[in-house]
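Peer 1: To start, I am sharing the structure in question, which I have written as structure tokens.
The values are calculated or read from the model by the stated rules, or taken from the named source; none is laboratory data. Being a predicted model, the structure only gives us computed values, none of them experimental. Please note: Cβ atoms are built from the backbone with ideal geometry, for glycine as well, and neighbour counts cover all protein chains shown.
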Amino acid sequence: MSADNFFQTLRSYWIPLPPGIQESFLGQTKEFIEIENRLKEDPLLASYDQQIYPELHTILGMTISDESPPPRAVLHFCNNQLQLMENVFLALKLAQYHAHPLNRGWMNLFRRWTASPTMRLLWPSLKSRYSRDFVAFAEYQLNLSGMPPVIKKESVAPSRIRELFGFSDPPKAAGFTPFQGLYERLFGELSQEWPMQKKKHKKAEEEVSPAATQESAQETVPSLGAEEKTQETASSPAAMERATEKADKTEQESMQETAQKKQMEGAKEKPGETAQEVYAQYFEPFLHATEIKMWTISHPLHMEETWGIALLGPHPMDEKWLKSLRKEKRWPEYLPKGIELQRLMVWIRPAFRGVGLGTQLLNAVLDGLDSQQRLGLIVVLPPLRRDKPGYGDEMAGWLRFYGQRGFVRVTAREDQQQILTGRLDPAAFCLVMPALLEIVHKCGRGSGTPSP
């Protein structure tokens, strides 16, 4: 043995053990044996077994199965494999110690699993179930990257959008159209998060006392406070979050009565029922325009598995409301020539968030627009119930999401009224590009009206 080989062997022998490896080894091995036994004994997984262990054919001579693995059995089995992989990743700190000699067996086992065609096919849909660090590890160290999602752009008639939102039924003669079937689940989940039509739910009267109900109703009313004197225009996420916190504190003060009236004017409740919040008005720009631009993000090999959507349509302006303003406050007249105001919405199905799909979709929309088109973009986020668990974190997440591409929140009440022409709840979140906000702000304050 040469001196180099001797010292390399000695170095491998003397390498320190990763912390906690002995305590976790037996527990993880037990889970692995259970998975292997199921793979061996379940006849439904026989063809998947051959994908993982090609030696069954190449060495032992087993006849290759031409059948695809049964979808239900193999999907849930792949989830079990991935969960074990994440458990081992966390227990053995594989992000740091994946190259340690004692972890060689786990790493090679995981590479064998992730090399199978079925696992690679399902990974884009399943990865959102797992932690961000494990997903990064799996895509880099286990070679699960290389299958970017497909982003498709198309023009859609508003009548189709109304069908998908559930505002109208498809023509009876046409029946169940492929277009409707392709996006039915996506729009169904969108309507669950942002309901388009009123629904009634039974009250759990035995769980909530009348006093607690009254107190909760007062706390959940979204409201805006006194007009702010300054406007936050910094585009960094931290600055946007500070502006959000500041605006939220002032929003509790002066508009509570208006919001309560709006609640009272909603659907009248029958005894024992409570009305659900309705957000249809926030999606009106996509229902009545001549044509809507739509982007979808889908599985790279199966576009019927659609994860998210972006819509772009004309921003509605109340012309009568604008004409009622003094001339110097009619900010659309001071926009640079050729600017069109457009409403933008990006939405990802809840089960697939946090893995970068929304960012890819937003980038696809904005990268296809020139600087003038981007200047006219307006994003409106419906107001969330302020007693909703995680309200602050959720809204800060939306602000970071749009803030990464330069959008800023309109925090001054008067500026938001100018942009939305008084049509929407003042507690809604409105985001625009800084240059557009500057025009609106100057016109609204009469402090140096911009040149047309």
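Peer 1: When segment 353-383 is examined, which residues are found to be within 28 Å of Val440 (Cα to Cα), outside any helix (DSSP H, G or I) and without any contact (Cβ under 8 Å) to a residue 24 or more places away in the chain?
Peer 2: Leu369, Asp370, listed by residue number.
Peer 1: Kindly state which strands (runs of 3 or more DSSP E) lie completely within segment 230-349 and contain at least 1 residues that are under 28 Å from the mean Cα position of the chain (by Cα) and either farther than 30 Å from Leu182 by Cβ or at pLDDT below 85 (or both).
Peer 2: Strands (runs of 3 or more DSSP E) meeting the threshold: 273-275.
Peer 1: Within segment 33-89, restricting attention to residues that are outside any helix (DSSP H, G or I) and of a type in the set (Ser, Thr, Tyr), which residue is surrounded by the fewest Cβ atoms within 10 Å (Cβ to Cβ)?
Peer 2: That would be Thr63.
Peer 1: A follow-up question, please. Could you check Glu414 against (1) buried (at least 21 other Cβ atoms within 10 Å of the Cβ); (2) under 30 Å from Glu333 (Cα atoms) and say which number it fails?
Peer 2: With respect to (1) buried (at least 21 other Cβ atoms within 10 Å of the Cβ); (2) under 30 Å from Glu333 (Cα atoms), Glu414 is out only on (1).
Peer 1: Assuming Ser125 fulfils every condition listed in (1) surrounded by 14 or more Cβ atoms within 10 Å (Cβ to Cβ); (2) over 23 Å from Glu304 (Cβ atoms); (3) of a type in the set (S, T, N, Q) apart from one, which condition is it?
Peer 2: Condition (2) is where Ser125 drops out.
Peer 1: Looking for something under 15 Å from the mean Cα position of the chain (by Cα) and under 22 Å from Gln281 (Cα atoms) - is there at least one such residue anywhere in segment 409-416?
Peer 2: Taking segment 409-416 as the starting set, the residues that turn out to be under 15 Å from the mean Cα position of the chain (by Cα) are none.
There is no residue in segment 409-416 that is under 15 Å from the mean Cα position of the chain (by Cα) and under 22 Å from Gln281 (Cα atoms).
Peer 1: Taking Gly406 as the residue in question, decide whether it is modelled with pLDDT under 80, out of contact with any Phe, Trp or Tyr (no Cβ under 6 Å at 6 or more places or on another chain) and not aliphatic (A, V, I, L, M).
Peer 2: Numbers: modelled with pLDDT under 80: no; out of contact with any Phe, Trp or Tyr (no Cβ under 6 Å at 6 or more places or on another chain): yes; not aliphatic (A, V, I, L, M): yes.
The answer is no for Gly406.
Peer 1: Has segment 438-446 got at least one residue that is over 19 Å from Trp321 (Cα atoms) and at pLDDT 80 or above?
Peer 2: Going through segment 438-446, the residues over 19 Å from Trp321 (Cα atoms) turn out to be 438.
Now restrict to residues that are at pLDDT 80 or above: 438.
Yes, the conditions are met somewhere in segment 438-446.
Peer 1: Please determine, by comparing only the residues of segment 356-377 that are buried (at least 20 other Cβ atoms within 10 Å of the Cβ) and among the aliphatic types (A, V, I, L, M), which one is nearest to Thr290 (Cα to Cα).
Peer 2: The residue in question is Leu377.
Peer 1: If we scan segment 8-18, do we find a residue that is outside any helix (DSSP H, G or I) and modelled with pLDDT of 80 or more?
Peer 2: Residues of segment 8-18 outside any helix (DSSP H, G or I): 15-18.
Next, only the ones that are modelled with pLDDT of 80 or more stay: none.
No - not one qualifying residue is present in segment 8-18.
Peer 1: Filter segment 90-101 for residues that are closer than 17 Å to Leu142 by Cα, small (Gly, Ala, Ser) and not in a loop (DSSP other than H, G, I, E, B) and give the result.
Peer 2: If the condition is that a residue be closer than 17 Å to Leu142 by Cα, small (Gly, Ala, Ser) and not in a loop (DSSP other than H, G, I, E, B), then Ala95 is the only one that fits.
Peer 1: May I pose another question? For segment 275-307, how many residues are farther than 28 Å from Asp415 by Cβ and in contact with a Pro (Cβ under 9 Å, 6 or more places away or on another chain)?
Peer 2: Matching residues across segment 275-307 total 10.
Residues checked against (1) among the small types (Gly, Ala, Ser); (2) closer than 15 Å to Ile309 by Cα:
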site: Ile348; (1), (2): no, yes
site: Ala351; (1), (2): yes, yes
site: Leu357; (1), (2): no, yes
site: Leu362; (1), (2): no, yes
site: Ser371; (1), (2): yes, no
site: Tyr391; (1), (2): no, no
site: Ile439; (1), (2): no, no
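Peer 1: Sticking with this structure for a sec: Hey, does segment 392-403 have a residue that's within 25 Å of Lys337 (Cβ to Cβ), among the hydrophobic types (A, V, I, L, M, F, W, C) and in a helix (DSSP H, G or I)?
Peer 2: The answer is no, given that none of the residues of segment 392-403 is within 25 Å of Lys337 (Cβ to Cβ), among the hydrophobic types (A, V, I, L, M, F, W, C) and in a helix (DSSP H, G or I).
Peer 1: Could you check segment 102-163 for helices (runs of 4 or more DSSP H) lying wholly inside it with 1 or more residues that are touching a Lys or Arg at 6+ places or on another chain (Cβ under 9 Å) and modelled with pLDDT of 90 or more?
Peer 2: 104-114, 132-141
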